[in-house]
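The values are calculated or read from the model by the stated rules, or taken from the named source; none is laboratory data. As the structure is a prediction and not an experimental result, all values here were calculated from the model. Note that each Cβ is placed from the backbone with ideal geometry, even for glycine, and that neighbours are counted across all protein chains shown. For the accessible areas, the whole protein counts, side chains as well, though only heavy atoms, and no ligand, DNA or RNA atoms are used. Shrake-Rupley method; radii C 1.70, N 1.55, O 1.52, S 1.80 Å.
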There are 2 protein chains.
Amino acid sequence: MADFLTSGDDTTLVERVMSATRSRIAARTLAPGAKLPSIRQCAETMQVSKSTVVEAYDRLAAEGIIQSRRGSGFYVSGHTQPLSLDNIGPRLDRAIDPLWISRQSLEMGDEFLKPGCGWLPASWMPNDSLRRALRTLARGNDDILTDYGSPLGAIALRRLLARRMCEHDVEAGPDQIMLTGSGTQAIDLLCRFLIEPGDTVLVDDPCYFNFHALLRAHRAKVVSVPYTPTGPDIDQFAKALTEHRPRLYVTNSAIHNPTGASLSSVVAHRLLKLAEQHDIIIIEDDIFADFEEEPSPRLAAFDGLERVVRIGSFSKTLSASIRCGYIAARPDWIEGLTALKIATAFGSGRLAGELLASVLTDGTYRKHVAGLRTRLATAMSRTITRLRDTGLTPWLEPKAGMFVWCRLPDGLDATALARKGLAENVIFAPGNAFSLSQSAGGYLRFNVAQSADPRIFRILEDAIAQTGR
Amino acid sequence: MADFLTSGDDTTLVERVMSATRSRIAARTLAPGAKLPSIRQCAETMQVSKSTVVEAYDRLAAEGIIQSRRGSGFYVSGHTQPLSLDNIGPRLDRAIDPLWISRQSLEMGDEFLKPGCGWLPASWMPNDSLRRALRTLARGNDDILTDYGSPLGAIALRRLLARRMCEHDVEAGPDQIMLTGSGTQAIDLLCRFLIEPGDTVLVDDPCYFNFHALLRAHRAKVVSVPYTPTGPDIDQFAKALTEHRPRLYVTNSAIHNPTGASLSSVVAHRLLKLAEQHDIIIIEDDIFADFEEEPSPRLAAFDGLERVVRIGSFSKTLSASIRCGYIAARPDWIEGLTALKIATAFGSGRLAGELLASVLTDGTYRKHVAGLRTRLATAMSRTITRLRDTGLTPWLEPKAGMFVWCRLPDGLDATALARKGLAENVIFAPGNAFSLSQSAGGYLRFNVAQSADPRIFRILEDAIAQTGR
């Protein structure tokens, strides 16, 4: 075949036309459905005979990459190449593809250990309270069981959220709060509302890996700023604002994912000053809020929801099975966000909202969360000790939450280790999945609530042993 | 002030520069965050002095429309103009703005009559069965109550869906079915997967009004084809394919919304032949499937899920409070759709999936649906009689479902009538909300399950009386 293909000038010319066309399609210079240059145009631009182009186009058509439409020429095949998130961002090693990690954690059953996953074990959740709430709802009104509910979502839950936000000095009335299908969907709606394809968005490096996947889906240009133990590196942040003129910055202020760090007041102040100078909007993902013993500074509190939007959910402390998140934003934005929510999801689940409101008001939630904090604190110090004994170094000792961001001994590659772990039914979260700059190849994120099993540490020890230390 | 503004040549020149800039920003020729032409450039292009441009830019900055950034010039203000669906499509009379109708129906309380809404009364839903399912779940495992669940969604429900689709001759294994947060979210994910901003999408005229809102959110170019009692007008359909080269066609085959018509086998066959010739994808929204007595032709069945994607939900026959929809598509598309779902929503609600599976398997669902059909049939003939007596003319008598698409007597405008209705706490669905061509100004969509109250007909009678008939 190779011989045949290179057996004559014509063939190589045909090949040239084919590969040139292929690369234009891959680069989306020719988008799906787009019309190809006419035979003549192509022959002229590529300096080949028309018959060469005809053969090239015919072969590409045979491959299904392009199609001829009677009388109207050739077109890039449409539905053979729908959006693939891989094609938007850089193609990553599967083990550090953010979506792949999520899928492993979500798909793999109980035979897998998941020190890399982002949630607490089911047994840690307020199951009795949830069961009570389900029974209460079973006695509730028909409309709660079957109606769409209001566009903003269950008022009972929005009132609660408004009250609890006051405790973090974030003043937002129930009408400034919109319930969503999840915390992720909250950020997704905001991206739709605030950015255009091609806009630049700033994230932390490292940051929650699904931010990368989500922003890819929005075709955003993503730029990252190194994260320090007190927040993003302010000089780098300022530099990025001037160089890349982003529209948006997405971050966790408190118990940052994956580092467990929390924003300091000084950094919060400087960050907001810069945000104002450059007129960017900030999405503050506060999903870990309830794990904090001592509330740390919140951008939403400093800013008063002017250019900061706060989002959150109940997946981490209450239930991820009952999907519900929220957006707290400027009143004038809630209108547009509600329209987008109706257009793209119609509702956010009245049942979910009522269930959560009932769990949050049955008088046991604070006790449950207090219990979680103690339990996490114990797991945190125990895990850190074991990681240290194994030879890993925590980047810092988080004040709260479920994550430790850990440096591996030199010479150990987190991605390779994650692959090895998977072979032994252990799902690790390798650093570069969190790092746009791919500078965290020596780090792993550990979930202290999922890291009790000795097998996890045995895999680490073996890997270290093999490096000859 | 006006005097001052027009008091000198300079001022009018400044005004000219300002308005020129304003319109470029409004037209997004200058997008949010974009750099304005330099003072010199602008002075040259507009043939004015630099000082005039300086003053114009300063005033626009004072208005907050643009901003100066030290050393780097002027930029269009970013966050002052987030996405508004109004700005994407043509601005509509509020009463026929699809989103506005949805919001009225969703927001207004029981003091409102809703002959224009798209769902059944709560009392028609299988409430006992739902309560049973909640109590069953309250005895279920912890992980069902709290875990995210698998990316595709509850397997029990996907197995059920696969079996029930066979009854419509749609062959799709559980792994070809992905659960979503709603039927709307199913279409939304598919649009993300299949189209780019600016792509052309074909819809029926009339069609479900939220298709217009959803496609606006995707910045799609929407083209419509007249709908006939047996499906879209095939000649117009063919013409639209050649003229506009759409990527996608979104439709209901069975019990079409709003007309209540159903696709004929002949039209289905021709439509699919055209779809293949022009390589377009079809989303078949089958949300009303269970209302049919006699299953009518399905594009998904004819096509075998090659280029047709079937979506549906349980909002119409079971519960809209438990949000859950589904996508049945080619196996090779499910992978990419799952990635998109994780990136933009993370999960679709394990609890919702388990609840619905339990309701669908408790042995009462078929009986419930049979009851709904009988009840709807009665309401349908009763409503049609009353509408006829009142002077309205059904476009056709639907074989099933909840909708009648009705022509008003000549001289009566549905939009005006909808506004009048709202003043009297009645929410109508005026025709042009469903019509891209705005050619349905003489039509209303009635929900026969919500049209029993005499007040509805009194408003119609009064309006007709006022036209002097």
*Against the longest principal axis of chain B, how steep is helix B:98-107, in degrees 0 to 90 to the nearest 10, with axes from Cα atoms?*
60
*Using Cα centres only, tell me the gap between region B:408-448 and region A:298-344 in whole Å.*
35
*Size of charge dipole - the protein assembly as shown - debye, nearest 20, with Cβ of Lys, Arg +1 and Asp, Glu -1, no other charges*: 700
_Largest-first principal axis extents, alpha carbons of the protein assembly as shown, Å_ = 91, 81, 73
*Accessible area in square angstrom per residue, chain A, 1.4 angstrom probe*: 38
*Counting only C-alpha contacts under 8 Å and six or more residues apart, can you give the relative contact order of region B:209-334 as a whole percent?*
20
*Mind checking which lysines have their C-alpha under 26 Å from B:LYS35, skipping anything on the same chain fewer than 8 residues away?*
A:LYS221, A:LYS239, A:LYS273, B:LYS50
*Calculate the translational D of region A:127-360 in whole µm² s⁻¹ from Stokes-Einstein, where the hydrodynamic radius comes from the Kirkwood formula applied to all Cα pairs, the temperature is 4 °C and the viscosity 1.567 mPa s.*
72
*Nm distances between the label at A:SER439 and the same-position labels in the remaining copies, 7 Å along Cα→Cβ, shortest first?*
6.1
*Working from Cα positions, state the angle (0 to 90°, nearest 10) between the long axis of helix A:350-360 and the longest principal axis of chain A.*
40
*State which stretch of chain B is the longest one without any exposed GluC sites (Glu not before Pro), exposure meaning a DSSP loop state and at most 16 other Cβ atoms within 10 Å.*
B:172-292
*For the pair B and A, total buried accessible area rounded to nearest 100 Å², probe 1.4 Å*: 7800
*Would you work out if region A:113-198 is rounded, prolate or oblate? Take a ≥ b ≥ c from the square roots of the eigenvalues of the alpha-carbon gyration tensor; rounded if a/c is under 1.5, else prolate when a/b is larger than b/c, oblate otherwise.*
oblate
*Output the relative contact order of region A:252-402, whole-number percent, from Cα pairs under 8 angstrom with separation of 6+ residues.*
27
_Between region A:451-465 and region A:154-225, the alpha-carbon center distance in angstrom_ = 36
*asked:* Can you tally the net charge around B:PHE446? Count Lys and Arg as +1, Asp and Glu as -1, for every other residue whose Cβ sits under 11 Å from the Cβ of B:PHE446.
replied: +3
*Distances from A:ARG458 to the same position in the other copies: list them in nm, one decimal, shortest first, using label points 7 Å from Cα along Cα→Cβ.*
8.0
_Value of relative contact order over chain B, rounded to a whole percent, pairs C-alpha under 8 Å and six or more apart_ = 19
*When Rg is the radius of gyration of the Cα atoms in chain A and Rh is its Kirkwood radius, what does Rg/Rh come to?*
1.05
*asked:* Using only Cα atoms and rounding to the nearest 10 degrees, what angle (0 to 90) does helix B:414-423 make with the longest principal axis of chain B?
replied: 80
*Do the alpha carbons of any pairs in A:LYS316/A:LYS399; B:LYS367/B:LYS399; A:LYS367/A:LYS399; A:LYS399/A:LYS420; A:LYS341/B:LYS114; B:LYS114/B:LYS316 sit beyond 24 Å of each other, and which pairs?*
A:LYS399/A:LYS420
*Once the label point is placed 7 Å from Cα along Cβ, list for A:LYS367 the distances to the corresponding points in the other copies, in nm, shortest first.*
4.1
_Rounded, prolate or oblate for region A:381-466? Axes are the square roots of the Cα gyration tensor eigenvalues, ordered a ≥ b ≥ c, and the cut-off for rounded is a/c under 1.5._
rounded
